[in-house]
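Encoded as C-alpha cells, the structure appears first; notes follow it.
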Amino acid sequence: MKPTTYAIPFNRPGLAGREFRYMAAALRRGHISGDGIFTARCQALLERKLGVSKALLTTSGTHALEMAALLLDLQPGDEVLLPSFTFVSTANAFVLRGARPVFVDIRPDTLNLDESLIEAQLTARTRAIVVVHYAGVGCEMEAILKLARRYRLPVIEDNAHGLFGKYRGQPLGSFGALAAQSFHETKNVTCGEGGALLLNDRRLIARAELLREKGTDRSRFFRGEVDKYTWRDLGSSYVPSDLLAAFLLAQLEAHRKIQRRRRHIWETYFGRLRGWAGDHGVGLPVVPAHCAIPWHLFHLVMPTPAARQALLAALRARGILGTFHYLPLHRSPMGRLHGRCGGRLPVTEQVSARLLRLPFFAGLTPRGQEQVIKTLLAFKGW
C-alpha cells in the first residue's frame, strides 16, 4: 500500500507561502539552470544563519557527502569512522572513493555516535570521523572534536536531520571541517530533492567550487575572475536548478514558522505520551539540556520487536502510516563487503529492531495528531 493511500501519512511536504511566486520570478528571469540569483540567496542565508564560511547548494544531501569525500582525497584502503545507525548515503559516499567505513555503535539515549567508542577503532589508516546528528540532537561535539584534534583528523557532520539545531548554543553544521545538509521532501525545509555542502575550513572552498562544477573553474569564469574555464580537477554535476533554489528560498525564509508548528506537534506527542510510555517501557526521544533540536522527527523505542510490529499494524489498520528507521549498515550485504566493525554493535541492533517513527510534518492537523495519539493509548498488543 502506498503512503498516499493513508488518511494520515507519515510525511506530507507543505508550502510556506512564496514558493510559486519565487519560481515564477526565476522563469521570468530566464535562468533556471544552476547558480542563479535564488541559489545565491539561499547560500547567503545559510551562511548568515549558521555562521559557516561557505554554503554551496547541491542536488542532494548524498551529493554533498560525495563532495566531502572528494575533498578529503580519500584513497582505497583509507578508513572513515561513522555510526552504523544511519542512512546508506553516509557510508556510500566514502565507499565510492575506495575508503572502508568503520562502523561504531550508538549511545542508547540520543541514538548518536557513541563518542566513548571512537578511539578504540582508530588505526593508522583512519582519515576522518563522520558524525550524524540523529533527529537533530547534536552529537557530543566537545569530546569528538577534542579527540579529532589529538589525532589530526577532520570531522564531517551529516546534518541531514539537524538544520537550525544547536549544540551548546552553536549551530549544528558549523563544527566540522565539512557538513552536509538535505532538503529532501521528508526534511523540515525542502525543495523535493536538494542539499548543501557547508564548509568551515576556508582552505577547501576554492576546490569545492571546482568539484561542484564538473571539475571546472566555471564559477570563477562567471564571476569574471578568468576569461575562460577549463577542466582542472575531478568533479561531477552537483549544482541544482535555480528553479529548485527558488522553492527552497521560500522555505528557508519561513523556517521559524515551520519550526514553531513542528515544535508544537513534537511537544504534544511528548506531553500526551509520557505517562503511557512510562507505564509500558516505551522509550521517548532524549534531548540533553545542552542541545536545542529543530523538531525533525518523533520516535518511540518499543520494548520488543514484536511490540513494534504490532503497533505498526494497529496504526495502519486505522489509516495511519507509522514506519521504522535505519537498518544496521554493518549487517547489510554492502556493509559486510566494504566495511568493518569491532564485533557486534548491540545498541544499534536493538534500537533498529524496536524503533518506530510517528507521522510528523508541519501540516499534521490537531485532529489527525489526536487520532494517532488515541490509537497509541488504546494499543493492547503488549
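The values are calculated or read from the model by the stated rules, or taken from the named source; none is laboratory data. All values derive from a computational prediction rather than experimental measurement. Here the Cβ positions follow ideal geometry from the backbone for every residue, glycine too, while neighbour counts run over all protein chains shown.
I'm trying to understand the selection: among the residues of the stretch 96-109, which are in contact with a His (Cβ under 9 Å, 6 or more places away or on another chain) and either crowded, with 23+ Cβ neighbours inside 10 Å or of a type in the set (S, T, N, Q) (or both)?
ALA99, PRO101, PHE103
Can you tell which of GLN309, GLN369 is without any contact (Cβ under 8 Å) to a residue 24 or more places away in the chain and among the polar types (S, T, N, Q)?
GLN309
Is at least one residue of the stretch 217-227 in contact with a Cys (Cβ under 6 Å, 6 or more places away or on another chain) and either in contact (Cβ under 8 Å) with a residue 12 or more places away in the chain or at negative phi (or both)?
no
Scan ALA120, ALA124 and give me the residue that is in the same structural domain as GLY176 (by TED's automatic domain parsing), under 18 Å from GLU79 (Cα atoms), out of contact with any helix residue (DSSP H, G or I) (no Cβ under 9 Å at 6 or more places or on another chain) and without any contact (Cβ under 8 Å) to a residue 40 or more places away in the chain.
ALA124
Identify the residue in the stretch 15-46 that is surrounded by fewer than 18 Cβ atoms within 10 Å (Cβ to Cβ) and in contact with a Lys or Arg (Cβ under 9 Å, 6 or more places away or on another chain) and, among all such residues, is nearest to PHE361 (Cα to Cα).
Among those that are surrounded by fewer than 18 Cβ atoms within 10 Å (Cβ to Cβ) and in contact with a Lys or Arg (Cβ under 9 Å, 6 or more places away or on another chain), it is GLY17.
Determine whether the stretch 76-95 contains at least one residue that is in a helix (DSSP H, G or I) and loosely packed, with under 15 Cβ neighbours inside 10 Å.
Within the stretch 76-95, not a single residue is in a helix (DSSP H, G or I) and loosely packed, with under 15 Cβ neighbours inside 10 Å.
Checking the structure you have, find out if any residue of the stretch 226-242 is in a helix (DSSP H, G or I) and surrounded by fewer than 21 Cβ atoms within 10 Å (Cβ to Cβ).
Taking every residue of the stretch 226-242 in turn, none turns out to be in a helix (DSSP H, G or I) and surrounded by fewer than 21 Cβ atoms within 10 Å (Cβ to Cβ).
Could you grab the pairs with beta carbons closer than 8 Å, sequence gap of 6+ or different chains, first residue in the stretch 346-362 and of a type in the set (Gly, Ala, Ser), second one part of a helix (DSSP H, G or I) and at pLDDT 95 or above?
ALA353/PRO305; ALA353/ARG308; ALA362/ILE258; ALA362/ARG261; ALA362/ARG262; ALA362/ILE265
With ILE265, ILE293 as the choices, which residue is crowded, with 22+ Cβ neighbours inside 10 Å, in contact with a helix residue (DSSP H, G or I) (Cβ under 8 Å, 6 or more places away or on another chain), within 18 Å of ASP109 (Cα to Cα) and touching a residue at least 24 places away in the same chain (Cβ under 8 Å)?
The unique qualifying residue is ILE293.
Name every residue in the stretch 142-158 that is farther than 14 Å from ILE106 by Cα and within 22 Å of the chain's Cα centre (by Cα), in order of residue number.
Matches in the stretch 142-158: GLU142, ALA143, LEU145, ALA148, LEU153, PRO154, VAL155, ILE156, GLU157, ASP158.
I'd like the full set of residues that are on the phi < 0 side of the Ramachandran plot and either of a type in the set (Lys, Arg) or surrounded by fewer than 24 Cβ atoms within 10 Å (Cβ to Cβ) (or both), limited to the stretch 165-174.
Of everything in the stretch 165-174, those that are on the phi < 0 side of the Ramachandran plot and either of a type in the set (Lys, Arg) or surrounded by fewer than 24 Cβ atoms within 10 Å (Cβ to Cβ) (or both) turn out to be LYS166, TYR167, GLN170, PRO171, SER174.
Conditions (1) part of a helix (DSSP H, G or I); (2) in the same structural domain as LYS166 (by TED's automatic domain parsing); (3) surrounded by fewer than 18 Cβ atoms within 10 Å (Cβ to Cβ), marked per residue:
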position	(1), (2), (3)
LEU297	no, no, no
ALA307	yes, no, no
LEU315	yes, no, no
ARG344	no, no, yes
THR348	yes, no, no
SER352	yes, no, no
ALA362	no, no, no
GLN369	yes, no, no
VAL372	yes, no, no
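Among the residues of the stretch 332-342, write down those that are part of a helix (DSSP H, G or I) and either of a type in the set (A, V, I, L, M, F, W, C) or surrounded by 17 or more Cβ atoms within 10 Å (Cβ to Cβ) (or both).
MET334, GLY335, LEU337, HIS338, listed by residue number.
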